[in-house]
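Provided herewith is a single structure, encoded as structure tokens, for subsequent inquiry.
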Amino acid sequence: MRRSNLSLVLRHVSEYGPRSRSVVAMETGLNKTTVTSLVSELQARGLLKEIGPQHAGAVGRPGLALALDGSGVGALGLEVNVDYIAAFATDLGGRVLIDRRVSFDAMGCDSDRSLMELARVIGEAMAELDLLEVRVAGITVAVPGLVDTATGTVDVAPNLGWYGVPVAEWLVRAGVPPTVPISVDNDANLAALAEFTGGVASGTSDLVYLTGEVGIGGGVISGGRLLSGADGFAGEVGHVMVDPSGERCGCGRIGCWETKVGLAALVRMATPDHAYGMHDGVMRDPEERLAEIELRWAAGDPRVDLAIGEVGRWLGRGSATLVNLFNPRVIVIGGYFAKLADRLIPVAQAELKRLGVEGSVARCDFVASDLGFGAASRGAAGIVTERVLSNPTAIDVRLAAPAPEKERE
Ligand SMILES: [Zn+2]
């Protein structure tokens, strides 16, 4: 009961902005004494602060306004993908503290090596946050695959070659402090949440997000909620079979959608001399691969034009199925799709119109994400913030106190 009331007060101030204790009491329906006690606890946990007098109405004594503090509480999100690891951190108020991507060939090495690199990126980020005097309230790792979220284990991530990898357990052994909760989740679901809460289609209660990476994942927001399925595995759109006589996918099956629209497919068609899997000793970030494709397109290489047209058509074909199934208002295309959106969207939209159920497609548009590669790391940090708002008691009061060593200095 107390925990949910703490959450109610914290969320209220977070959503509606600074207000006095009596206003909070009035608006939440809690009594004034309860609010005073809850606020003291939230202050002790470093989540709320007093910022000065605020008039509650025309009459009466002004109360001290409470505001979300949280500048000392951080949320850290990571994303492991085929060719990079992304890190994104905010404080509880949403101020961005870290936003970066490190090139890394996860496809070319085993899971232990990838996890070592992930642990290194986490260690670096935590050291930076420590310098900013920000305590990390939690870490969420986004992975392109099926995740057992209860244990933080990746069941299978075909493009990373991960099968039964206990990511959370591994990171604790690698030195992430046991006081910092670690969770692991699917990248497309986290990116869809990031789009829903702060992207181009933010607030659209029915949207589909597509990750334009080597793998294609889907996150479906339906009626304002993330569609997760019985095991949290919903949205594996990249492995829907679209061409029974197509190519073999990273998952082992034939003709999956991502063999038609994944970044590896585009690269193979547009720049066959630099296809994925040709280990020529050069690790290319997706941005570099796209820069090269743009360069060749500008130089008039006909293969590039054909390749982008082909991806656009298959993007529309697969999306027609999604529109028929989920009736979204918007299909947000992320990752590399967003970078090529000007040329992909007209082709995809025409194909969607041709193949989807009329009423649904007439009211559904493709929109390019502006969150860039690493949208999932942003969603991952968002989940950590959401957990703190839902359960403020997860923030250790002892940690909120100033560090004694620093006081002595
Ligand atoms: Zn597949």
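Since every read-out is calculated from the coordinates, none of them should be taken as a lab result. Since this is a predicted model, take the numbers as computed values, not measurements. Neighbour counts are summed over all protein chains in view; Cβ atoms, including those assigned to glycine, are modelled from backbone coordinates with ideal geometry.
Given labels modelled 7 Å from the Cα in the Cβ direction, how far is it in nm from residue 119 to residue 278?
Label at residue 119, label at residue 278, 3.6 nm between them.
What are the DSSP H helices in the chain that stretch 15 Å or more along their long axis, judged by alpha-carbon atoms, and whose average Kyte-Doolittle hydropathy comes to at least -1.0? Before the final figure, lay out the partial values.
On the way: long enough: 2-16 (21 Å, -0.51); 32-44 (18 Å, 0.25); 111-131 (30 Å, 0.22); 187-198 (16 Å, 0.50); 286-298 (18 Å, -0.75); 302-326 (36 Å, 0.36); 341-355 (21 Å, 0.03); 375-390 (22 Å, 0.52).
Helix filter hits for the chain: 2-16, 32-44, 111-131, 187-198, 286-298, 302-326, 341-355, 375-390.
Using the scaling law 2.2 N^0.38 Å as the reference, what is the normalised Cα Rg of the stretch 96-156?
Expressed relative to 2.2 N^0.38 Å, the Cα Rg reads 1.28.
Whole-Hz Karplus ³J(HN,Hα) for the stretch 328-340, in order, using 6.51 cos²θ - 1.76 cosθ + 1.60 and θ = phi - 60°, x for Gly and Pro?
x, 7, 9, 10, 8, 9, x, x, 6, 3, 5, 5, 9
Extension gain residue 100-residue 248, at 0.36 nm per residue separation less the Cα-Cα distance, in nm?
Between residue 100 and residue 248, full extension yields 50.0 nm more.
Let me ask you something else. Taking 0.36 nm per residue of sequence separation and subtracting the Cα-Cα distance, how much length would be gained by fully extending the chain between residue 130 and residue 228, in nm to one decimal?
Residue separation times 0.36 nm, minus the Cα-Cα distance, leaves 31.8 nm.
In terms of modelled amide H atoms, which long-range or inter-chain residues lie less than 5 Å from the amide H of residue 76?
Result for residue 76 returns 137, 138, 140.
Follow-up question, since we're still on this one. Counting helices only, and only those DSSP H runs with n ≥ 4, report the 222 nm mean residue ellipticity of the chain as the sum of -39,500 (n - 2.57) divided by its residues, in deg cm²/dmol to the nearest 500.
That comes out to -13000 deg cm²/dmol.
Rg to Rh ratio, the stretch 139-187, alpha-carbon atoms and Kirkwood radius?
On the way: Rg = 10.2 Å, Rh = 10.6 Å.
Across the stretch 139-187, the Cα-based Rg/Rh ratio is 0.96.
How many nm separate the modelled label positions at residue 294 and residue 37, each set 7 Å beyond the Cα in the direction of the Cβ?
With each label placed 7 Å out from Cα toward Cβ, I get 5.9 nm.
Provide, in order from the shortest bin, the percent of all Cα-Cα pairs of the stretch 138-263 in each 10 Å bin, continuing until the bin that contains the maximum pair distance.
Here the calculated profile for the stretch 138-263 is 13, 38, 34, 13, 1, 0.
Here is a follow-up. For residue 156, enumerate residues with amide H under 5 Å from its amide H, sequence gap 5+ or separate chain, H modeled in the peptide plane.
146, 164
Next up: Sort the following peptides by mean Cβ neighbour count (other Cβ atoms within 10 Å, averaged over residues), highest first: 219-227, 384-392, 197-205. Before the final figure, lay out each step's value.
Details: 219-227: 17.6, 384-392: 19.7, 197-205: 16.0.
Output ranking for 219-227, 384-392, 197-205: 384-392, 219-227, 197-205.
Kindly rank 372-379, 115-122, 359-366 from highest to lowest mean number of other beta carbons found within 10 Å of each residue. Please report the intermediate quantities before stating the final value.
Numbers: 372-379: 28.6, 115-122: 18.4, 359-366: 16.1.
Taking the mean over residues of other Cβ atoms within 10 Å, the ranking is 372-379, 115-122, 359-366.
May I ask you to compute the full-extension gain from residue 44 to residue 394, defined as 0.36 nm times their residue separation minus their alpha-carbon distance, rounded to one decimal in nm?
124.7 nm
Ok, one more. Can you list the aspartates and glutamates whose alpha carbon sits under 16 Å from that of residue 260, skipping same-chain ones fewer than 8 residues off?
213, 236, 243, 247, 305, 310, 351
So for each of 173-182, 316-325, 267-276, 6-15 I average, over its residues, the number of other beta carbons within 10 Å; can you give me the resulting order with the highest mean first?
The packing order, highest mean first, is 316-325, 6-15, 267-276, 173-182.
Continuing with the same structure: If the elastic network links every pair of Cα atoms under 10 Å, which of 77, 309, 215 fluctuates the most in the Gaussian network model of the chain?
Result: 309 has the largest fluctuation of those listed.
Still on this structure: If you build a Gaussian network model of the chain, linking Cα atoms that sit under 10 Å apart, which residue out of 190, 30, 42 swings the most?
Of the options given, 30 has the highest mean-square fluctuation.
Run through all the Cα pairs of the stretch 268-344 and give the fraction in each 5 Å bin from 0, expressed as whole percent.
Each 5 Å bin holds this share of Cα pairs: 3, 13, 22, 22, 17, 11, 8, 4, 1.
What whole-number volume per residue, in cubic angstrom, does the convex hull of the C-alpha atoms of the stretch 258-393 give?
Each residue corresponds to 138 Å³ of Cα convex hull volume.
Using a simple spin-label model with points 7 Å from Cα along the Cα→Cβ vector, what separation in nm is obtained for residue 173 and residue 325?
Distance between the two pseudo-spin positions: 3.5 nm.
Near the amide H of residue 330, under 5 Å away, which other amide H atoms are found, from residues 5 or more places off or on another chain, if H is placed in the peptide plane?
HN-HN under 5 Å from residue 330: 208, 365.
Here's another thing I want to ask about it. Based only on the alpha carbon positions, what is the Kirkwood hydrodynamic radius of the chain, in angstrom?
That comes to 22.7 Å for the chain.
May I ask for the equivalent-ellipsoid semi-axes of the stretch 81-217, computed as the square root of five times each C-alpha gyration tensor eigenvalue and listed largest first in whole Å?
Working: eigenvalues 96, 90, 39 Å².
Whole-Å semi-axes of the equivalent ellipsoid: 22, 21, 14.
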